[in-house]
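For reference, the structure is listed below as structure tokens.
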Amino acid sequence: MNNLSEFLKRNFHLFLFVILQILCIIMISKSVRYTSFAISNICQTIVSPINEAWYNVVRHFSLEKENEQLVLQNIELLNERDNAFVIQDDSVYTAYQQEDSLGLKKMRLYDYSYANIVYKTTDKTHNYIIIDKGRAEGITTDMAVMSANGVCGVVSDVTEHFASVISILHPDARISAKLLPANQIGTVLWDGINAQYAQLYDIPQHVPVDVGDTVITSGFSNIFPNNVLVGIVSDVEDSGHSSFLTIKIRLATNFSNINTVYLIRNIYTSEINELKSNFKDDE
């Protein structure tokens with residue numbers, strides 16, 4: 001027993017050193033785990049927003065590509081739609097003719113393309129849209145412009161790579177329209193008040209009109225093809241002091257959230273205008 005006591009006394013400092021070393025190792029181990037956890041939390045705090053931002057960037061370009069593909073598909077469908085009339089025989093327009101199942105020749109009247117909006121206004125008295133295509137891409141004045149939902153306006157001016165569009169939200173914009181199911185022709189004008197609504201004029205009082213009736217392009221101009229949606233009747237008033245109804249329509253196009261538009265070119269505009277110029281106004 002004495003020998004053990006003497007041994008412990010002689011080696012006290014050694015045992016103390018060993019114990020302290022063990023305690024230090026334990027504390028360092030715990031500290032490393034804590035530090036590692038803290039570093040992991042800090043890294044996670046820094047990396048998470050970066051990962052989220054990167055995901056949003058990738059998702060944005062993915063959606064942009066999907067939207068472009070959808071636009072191109074819509075263009076293809078528009079070019080294939082029945083925007084043609086049937087003729088029995090004609091050798092002049094063979095470049096645009098196709099034979100249907102009955103052997104009758106169909107002559108396509110319109111070509112479709114698309115453009116992105118780079119600037120637009122909706123809260124002015126005279127509202128415009130600027131698109132990113134111009135003469136270099138075959139854009140000309142008086143081309144019809146529509147959204148995926150309906151009528152937008154008409155191309156008014158063109159530069160080499162851009163074009164301006166007179167929006168339907170403009171006092172100079174007049175759209176020849178047809179009221180359905182009454183099958184009555186009128187004119188759509190914006191009243192300058194609300195960007196979501198316009199007025200349908202020239203509809204006689206005796207014509208039956210209900211809220212929810214459809215207003216489409218009439219096709220009686222060489223700008224818009226027929227059957228393009230303009231809007232839906234939202235209110236009808238009979239003033240009693242006029243031969244015509246006061247018809248309010250909700251526009252099909254929501255101008256505040258459109259980014260892409262479709263342009264419509266009448267293939268035979270120059271021929272139609274040439275014939276129209278031959279007519280003289282009554283004296």
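The values are calculated or read from the model by the stated rules, or taken from the named source; none is laboratory data. Remember, predicted model here, so these are calculated numbers, not experimental data. So basically every Cβ, Gly included, is an ideal-geometry build from the backbone, and we count neighbours across all protein chains shown.
Given the criterion surrounded by 20 or more Cβ atoms within 10 Å (Cβ to Cβ), modelled with pLDDT of 95 or more and not small (Gly, Ala, Ser), identify the matching residue among ILE166, ILE232. Let's see the steps before the verdict.
Details: ILE232 fails: surrounded by 20 or more Cβ atoms within 10 Å (Cβ to Cβ).
ILE166 is the lone residue from the list that is surrounded by 20 or more Cβ atoms within 10 Å (Cβ to Cβ), modelled with pLDDT of 95 or more and not small (Gly, Ala, Ser).
Do you know which of the residues in segment 212-229 that are over 16 Å from GLN184 (Cβ atoms) and of a type in the set (Val, Ile, Thr) is surrounded by the fewest Cβ atoms within 10 Å (Cβ to Cβ)?
Filtering segment 212-229 down to residues over 16 Å from GLN184 (Cβ atoms) leaves 221-225, 228-229.
Still in the list and also of a type in the set (Val, Ile, Thr): 223, 228.
Details: ILE223: 18, VAL228: 22.
Taking the candidates together, the pick is ILE223.
Within segment 196-216, does at least one residue satisfy the condition of being within 23 Å of THR121 (Cα to Cα), among the polar types (S, T, N, Q) and within 27 Å of the chain's Cα centre (by Cα)? Steps first, answer last, please.
First, pick out the residues of segment 196-216 that are within 23 Å of THR121 (Cα to Cα): 196-200.
Checking which are among the polar types (S, T, N, Q) leaves us with 196, 199.
Going one step further and asking which of them are within 27 Å of the chain's Cα centre (by Cα), we end up with 196, 199.
Checked against the condition, which is being within 23 Å of THR121 (Cα to Cα), among the polar types (S, T, N, Q) and within 27 Å of the chain's Cα centre (by Cα), segment 196-216 yields at least one hit.
All but one of (1) more than 23 Å from ILE267 (Cα to Cα); (2) surrounded by fewer than 18 Cβ atoms within 10 Å (Cβ to Cβ) hold for GLU160; which doesn't?
All conditions pass for GLU160, except number (1).
Which ones in segment 134-157 are closer than 12 Å to ARG265 by Cβ, touching a residue at least 60 places away in the same chain (Cβ under 8 Å) and either acidic (Asp, Glu) or assigned to a loop (DSSP other than H, G, I, E, B) (or both)?
GLY138, ILE139, THR140, ASP142, MET143
Tell me which of these ASN227 doesn't satisfy, since it passes every other one: (1) within 24 Å of TYR114 (Cα to Cα); (2) more than 27 Å from the chain's Cα centre (by Cα).
Only one criterion is unmet by ASN227, namely (2).
With the condition kept exactly as written, say whether any residue in segment 81-97 is among the basic types (Lys, Arg), modelled with pLDDT under 90 and either touching a Gly at 6+ places or on another chain (Cβ under 7 Å) or outside any strand (DSSP E or B) (or both). Let's see the steps before the verdict.
Taking segment 81-97 and keeping what is among the basic types (Lys, Arg), we get 81.
Now drop any that are not modelled with pLDDT under 90, which leaves 81.
Subsequent filtering for residues that are either touching a Gly at 6+ places or on another chain (Cβ under 7 Å) or outside any strand (DSSP E or B) (or both) retains 81.
Checked against the condition, which is being among the basic types (Lys, Arg), modelled with pLDDT under 90 and either touching a Gly at 6+ places or on another chain (Cβ under 7 Å) or outside any strand (DSSP E or B) (or both), segment 81-97 yields at least one hit.
Kindly evaluate LEU77 against the criterion of being at pLDDT below 85 and in contact with a strand residue (DSSP E or B) (Cβ under 8 Å, 6 or more places away or on another chain). Before you say what the answer is, go through the steps one by one.
Working: at pLDDT below 85: yes; in contact with a strand residue (DSSP E or B) (Cβ under 8 Å, 6 or more places away or on another chain): no.
Taking the combined requirement at face value, the residue does not satisfy it.
Return the total of residues in segment 98-133 being modelled with pLDDT under 85 and within 21 Å of ASN257 (Cβ to Cβ).
0
Does ILE267 meet the test of being touching a strand residue (DSSP E or B) at 6+ places or on another chain (Cβ under 9 Å), surrounded by fewer than 17 Cβ atoms within 10 Å (Cβ to Cβ), more than 23 Å from ILE131 (Cα to Cα) and modelled with pLDDT under 95?
Against the criterion (touching a strand residue (DSSP E or B) at 6+ places or on another chain (Cβ under 9 Å), surrounded by fewer than 17 Cβ atoms within 10 Å (Cβ to Cβ), more than 23 Å from ILE131 (Cα to Cα) and modelled with pLDDT under 95), ILE267 does not qualify.
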